[in-house]
Amino acid sequence: MRHPDTVQEIVIVGAGLAGLIQARSLQQCGFAPVLVDPRPEAALRLSNADTRSTALTPRAVELLGLPEDWLRAHGQRIEEKVVDGGLSPALDPAQALRLESGAWVIFNRDLTGFLLDDMTLDGAFGNAVTDSRIEDGKRVLVLDNQQTLAARLVIAADGKDSLLRRREDIASFPRDFRQTALTGRIEHAQPHQGRAFQRFLPGGTVALLPLADDPRASSFIWVEPTGKASGLFSLPPAVLASRLHARFGDALGAFTAPGDAPAWGQFPLRAHHCETIVGARLTLIGEAAHSMHPLAGQGLNMTVKDAASLAAVLADQRRNGLDLGDAQGLQTYQRDRRAETARFTALTTGLHDVLDRGPAPLRALAAGGLQLINRLPPVKSLLRREANR
Ligand SMILES: Cc1cc2nc3c(=O)[nH]c(=O)nc-3n(C[C@H](O)[C@H](O)[C@H](O)COP(=O)(O)OP(=O)(O)OC[C@H]3O[C@@H](n4cnc5c(N)ncnc54)[C@H](O)[C@@H]3O)c2cc1C
């Protein structure tokens, strides 16, 4: 453990994807951030519990500086996104909206592995932060082993229930969708050909992201009202696979569950945004700062932009000889990031509401499914332009 009197420049609380992305980007700017996470160090890499894949936009790939050979080995480029409004019983690619994408599908655990391999990990692992206070020009963190850690700046990457955000009394505006996303890997009889699929169905969306390691496998995100999702999750894998097929249709042929015990996950869906993403010697990033409905697949892409923005601001602070916790500098980060993340949170929540309980006339517009998407500008911009920025 560090000497209790040592004041770190930067401590990042939370070593999920947001914390790791931030730590690496700060290291690339010459900082030596210290991470804190309740998981032991060995468990950071074994995030098998995270069964999700992320569709990283070209902008996020660029900001992360993912090497071309790594991307080709671990990622699948989305050649085309096939989207329908879900009013017909099965997705028909001939009738669906077809969008260009260029995003890369990466398993969250592969991205975690890449980040850990590409940085020097320094931190207090196996310890949760239980309290935080300002004291003599520094922020002091109290850990659950009663030790303390002090820093000029603390970056909260501790997830949507962020303890640091609550301790700082930063108001956050939550929305519980009462939906749960089931996630995992599914195998299908026909090859995906680099196509991602998304059905906007009453009750929830079904999305399939093509995987790189097998042309007949995709990563699925299947959203249903929470009660129904829990029932589905408890079904035997083969039955769950056939239910998913019934919801999706036959565009990729029959579905089967992977041979070994499938590592499927379930994620209750809640959104929130904050009135501010900075506090005294404190900034929020990732899900601590914003959480949005995954129907546009933007949460982590926003986080990559948060991390790049904050690293640039802090590098500037240091170049100008300023304290890293300087409030004016942190306001620059806030100006850069808060508006965009609040806008996306509102847009994805609004889109969920229209699709979930839009008035009958609006749903009627969607005859055939495609018209709904074509006639709602926010949907188009989310799926086409915004999603690729
Ligand atoms: C179903 C689903 C699909 C998604 N798909 C996409 C997609 O396609 N594209 C996209 O861009 N985004 C997507 N997202 C969003 C993305 O997955 C999340 O934004 C991202 O994983 C969250 O990262 P995070 O590090 O901010 O939070 P978390 O993963 O919650 O990490 C928080 C970390 O903080 C630690 N922590 C918590 N409390 C403390 C404490 N007191 N002290 C110390 N450490 C603490 C935890 O141990 C954890 O390691 C999706 C989300 C869901 C739910």
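Values in this text are rule-based calculations from the coordinates and carry no lab data. What you see is a predicted model, and the numbers here were worked out from it, not measured in a lab. Don't worry about glycine lacking a Cβ; one is built from the backbone with ideal geometry, like all the others, and counts go over all protein chains shown.
Listing for the model above:
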read-out	value
Hz values of 3J(HN,Hα) by residue in the stretch 60-71 - Karplus curve (6.51, -1.76, 1.60), Gly and Pro given as x	5, 4, 5, 5, 6, x, 6, x, 3, 5, 5, 4
Note, ³J(HN,Hα) from phi for the stretch 25-35, Karplus 6.51, -1.76, 1.60, rounded to Hz, x at Gly and Pro	5, 5, 4, 5, 9, x, 8, 10, x, 9, 9
Dipole-positive endmost among F173, L330, L121 within the chain (Cβ charges, Cα centre)	F173
Neighbourhood charge, 13 Å Cβ-Cβ cut-off, centred on R337 and excluding it, Lys, Arg +1 and Asp, Glu -1	+1
Cα lying deepest toward the dipole's positive end in the stretch 7-388, options P38, F267, G204, charges on Cβ	G204
Hz values of 3J(HN,Hα) by residue in the stretch 98-104 - Karplus curve (6.51, -1.76, 1.60), Gly and Pro given as x	10, 10, 6, 10, x, 6, 10
Rounded to 5, percent antiparallel among DSSP beta bridges of the chain	75 percent
Relative contact order for the chain, counting Cα pairs under 8 Å that sit 6 or more residues apart, in percent	22 percent
Inter-centroid distance (Cα atoms) of the stretch 31-78 relative to the stretch 142-204, Å	15 Å
Anchor K305: aspartates and glutamates whose Cα lies under 14 Å away (excluding residues fewer than 8 positions away in-chain)	E62, E287, D336, E340, E386
Student exercise, the stretch 7-388 dipole from Lys, Arg, Asp, Glu Cβ charges, in Debye to nearest 20	1020 debye
Within-15-Å neighbourhood charge of V206 [Cβ basis; K, R +1; D, E -1]	+3
Förster radius 25 Å - calculated FRET efficiency between Q147 and W70 (Cβ-Cβ, nearest 0.05)	0.10
Distant-in-sequence amide H partners of A103 (H built 1.01 Å from N, under 5 Å)	I78
DSSP-loop chymotrypsin sites (Phe, Trp or Tyr not before Pro) across the stretch 164-221, with at most 11 other Cβ within 10 angstrom	none
